[in-house]
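> Here it is, the structure in full.
The values are calculated or read from the model by the stated rules, or taken from the named source; none is laboratory data. Values in this document were obtained by computation on a predicted structure and should not be read as measured data. Glycine gets a Cβ as well: all are built from the backbone with ideal geometry, and neighbour counts include every protein chain shown.
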Amino acid sequence: MTKKTSITLTRRGALGLVGAAGATLMAPNLLGKPAFAQTEGAPEGRVIVGLVQEPTVFNPLMVKIEVDDGVHFSLFDALFRFTPEGEVVPNLATEVPTQANGGISEDGTEWRVKLRDDVKWHDGKPFTAEDVKFTLELIVNPDFRAWRTAGHAFVRDITVVSPTELTWRMEEPFSPYLSFLTETFIIPKHAFEGVEDPNSAPFNQSPIGTGAFKWDRRLAGDRVELVANADYHGEGPYLEQLVFKYIPDITVHFTQFRSGDIDLLGRMYITPDNYEEAKTLPDRTLMLQPAPSIETIALNLERPQFKELAVREALYAAIDKQAIIDAIYYGVPSSVENYVPRSSYYYYADLPLHEYSPDKANALLDEAGWKRGAGGIREKDGVRLSFKNSTTSGNHLREQMQQFVQQMLQQVGVEMTIENMPAAVMWGDFWMQSRFDTAVVGITFLIGSDPDVTNRFHSKAITAQGGSGSNNWQIKNARIDELLEKGTRIFDPAERKAIYDEVQQIVRHELPYLPLFAENYIHGRKSEIEGFEPNGNTRTESWNAASWYWVS
């Protein structure tokens, strides 16, 4: 087997923060590898992961939500993956292509990828370069409901050189593509032979991967069950069974962790209001992880209420963020102005700090011509400063926060009504097609450790306007577009940092969303589970479930 090579894309401060945050509870397993003496023999034992949203999308290339990733990372492999330190390392590939090793041409347009020769699909068929070619071509098939086409749309002339090697040409240089490929799980070409519509292929409900676990069954509304892949090419698995159990109520989610009905907490992890109690539970291990996710109030900029910057600034000034963090979230999150994680090399630290000031909010609205009308609600040109706010129903902390914000805005003549809905409805077309007025949403803006946010802020990434992406607040800014297009053509980190520093400044000024806080995930598991390691460069706690095992 070819020796692994890796490329570091970010500074290593992220891991240090994880260790410092969790030091009073338990230091993380930095290597993420078990003591092999404890894992000899066949896989054994079962881990039940509790989730507050139900995984329902099992083709990893189709439109999905973050909770689906736990299943995908367990069933499938990508060409590369991110480590907790922000390194890209080989997975199905044998090395990471770079300009230095000749895998990427000097102009960034010619790519060559070499593959492992010891990988099999769960049905026993060999994995080859044909599967990679099929996957990349399916993503950009206009008849396929792909989760993400950005980046992949630049790929041209995919050529299978041999079963373990392929090349392609990029229509233009796109430096974030390596990060995109860490989240592009490869699927088997043979599973789609003779299938007319890939959107309804049998594979989508009975997936076949190369990952450490194989598909067993799904009990809709209850759980997904996976079993060990004894022929896995990588480390592990050490568990015989991995179960993702759906628990729609956050309070019950914690209650079942406390009672022992679930072994490890997945999203939403331990909520801040349960943190103190969780620390007293016997035989439980907690870990704090500075999270890449930013809690925000997204504004739909196509709504007439939010067209003016003065209104957006007033809304932000009227919200007491620190009171929300302290009173509702028990001081666990950190107030932020930025969408880039604090541990990232690309983090810009000098953005203006939020100032809670109802007086400022009132002054901004007065100067902009929004006058108080019936019921004290401001109006201008026939538009009332009134809107709905939505999020996932049953998320009690967000619901409490909504009530706080509702009262704060009322003080400055703004009416906010609350209209929540189940997760499957909230994060479906309602969110993706920008049918909301405002939404409370936690977002991981970066893909791994790459700073590109074309998918979030480019004007061509507005799905509701015929684009492809997740610019659901519908911001359109020519300078942002220009910077994003420039940043993806450059491979030097220092040059890229100057570009994305400016993007961060413009986004903070324009306020397409109101940044509230950066989460600190509170992971919880039974103390007998080893091998668990948080990874801020992925969106799931189960990214390395192959390494989990029980000790007695």
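> Would you mention how many residues in the range 358-399 are surrounded by 15 or more Cβ atoms within 10 Å (Cβ to Cβ) and of a type outside the set (Lys, Arg)?
Qualifying residue count, the range 358-399: 23.
> Next question. May I ask you to list the residues in the range 309-342 that are in contact with a strand residue (DSSP E or B) (Cβ under 6 Å, 6 or more places away or on another chain) and of a type in the set (Ser, Thr, Tyr)?
TYR316, SER334, SER335, TYR339
> Just the residues that are more than 14 Å from ILE187 (Cα to Cα) and part of a helix (DSSP H, G or I), please, taken from the range 126-164.
HIS152, ALA153, PHE154
> Of the residues in the range 60-86, how many are touching a strand residue (DSSP E or B) at 6+ places or on another chain (Cβ under 9 Å), under 14 Å from TRP147 (Cα atoms), modelled with pLDDT under 90 and assigned to a loop (DSSP other than H, G, I, E, B)?
Number of matching residues: 1.
Table: residues versus (1) over 29 Å from LEU226 (Cβ atoms); (2) among the hydrophobic types (A, V, I, L, M, F, W, C); (3) without any contact (Cβ under 8 Å) to a residue 60 or more places away in the chain.
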{"position": "PHE76", "(1), (2), (3)": "no, yes, no"}
{"position": "GLY108", "(1), (2), (3)": "yes, no, no"}
{"position": "VAL113", "(1), (2), (3)": "no, yes, yes"}
{"position": "ALA129", "(1), (2), (3)": "no, yes, yes"}
{"position": "ASN141", "(1), (2), (3)": "no, no, yes"}
{"position": "PRO173", "(1), (2), (3)": "yes, no, no"}
{"position": "PHE185", "(1), (2), (3)": "no, yes, no"}
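> Looking only at the range 383-394, count how many residues are at pLDDT 95 or above and part of a loop (DSSP other than H, G, I, E, B).
Adding up the residues that qualify gives 2.
Rundown of residues vs (1) in the same structural domain as VAL71 (by TED's automatic domain parsing); (2) not β-branched (Val, Ile, Thr), yes/no style:
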| residue | (1), (2) |
| --- | --- |
| GLU183 | yes, yes |
| VAL195 | yes, no |
| ASN199 | yes, yes |
| GLN241 | no, yes |
| PHE244 | no, yes |
| ASP249 | no, yes |
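> When the residues of the range 491-539 are narrowed to those that are β-branched (Val, Ile, Thr) and either under 21 Å from the mean Cα position of the chain (by Cα) or closer than 25 Å to GLU183 by Cβ (or both), which ends up modelled with the lowest pLDDT?
THR538
> Okay, moving on. So GLY382 fits all but one of (1) more than 25 Å from MET426 (Cβ to Cβ); (2) in contact (Cβ under 8 Å) with a residue 12 or more places away in the chain; what number is the exception?
(2)
> A further question on this structure: Sort out which residues of the range 104-125 are outside any strand (DSSP E or B) and surrounded by fewer than 20 Cβ atoms within 10 Å (Cβ to Cβ), and write them in order of number.
Just the residues of the range 104-125 that are outside any strand (DSSP E or B), to begin with: 105-109, 116-119, 121-125.
Matches in the range 104-125: SER105, GLU106, ASP107, GLY108, THR109, ARG116, ASP117, ASP118, ASP123, GLY124, LYS125.
> Could you list, in sequence order, the residues of the range 415-436 that are surrounded by 19 or more Cβ atoms within 10 Å (Cβ to Cβ) and over 18 Å from the mean Cα position of the chain (by Cα)?
Those that are surrounded by 19 or more Cβ atoms within 10 Å (Cβ to Cβ) and over 18 Å from the mean Cα position of the chain (by Cα): MET416, ASN420, SER434, PHE436.
> Turning to a different aspect of this structure: What number of residues within the range 448-462 satisfy the criterion of being without any contact (Cβ under 8 Å) to a residue 60 or more places away in the chain and in a loop (DSSP other than H, G, I, E, B)?
The qualifying residues number 2.
> Considering only residues that are under 15 Å from GLY50 (Cβ atoms) and among the acidic types (Asp, Glu), which ones fall in the range 216-230?
ASP222, GLU225
> Could you check the range 78-105 and list, in sequence order, the residues that are of a type in the set (A, V, I, L, M, F, W, C) and more than 24 Å from GLU225 (Cβ to Cβ)?
Taking the range 78-105 first, the residues of a type in the set (A, V, I, L, M, F, W, C) are 78-80, 82, 88-89, 92-93, 96, 100, 104.
Selection gives LEU79, PHE80, PHE82, VAL88, VAL89, LEU92, ALA93, VAL96, ALA100, ILE104.
Residue by residue, here is whether (1) in contact with a strand residue (DSSP E or B) (Cβ under 7 Å, 6 or more places away or on another chain); (2) modelled with pLDDT under 95; (3) assigned to a strand (DSSP E or B); (4) not assigned by TED's automatic domain parsing to the domain that holds PRO173 holds:
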site	(1), (2), (3), (4)
TRP431	yes, no, no, yes
ASN471	no, no, no, yes
GLN474	no, no, no, yes
ARG479	no, no, no, yes
ARG489	no, yes, no, yes
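> What are the pairs, 6+ residues apart or on separate chains, where a residue within the range 267-285 that is more than 14 Å from VAL252 (Cα to Cα) has its Cβ under 7 Å from a residue that is in a helix (DSSP H, G or I)?
LEU281/ARG258; ARG284/ALA278
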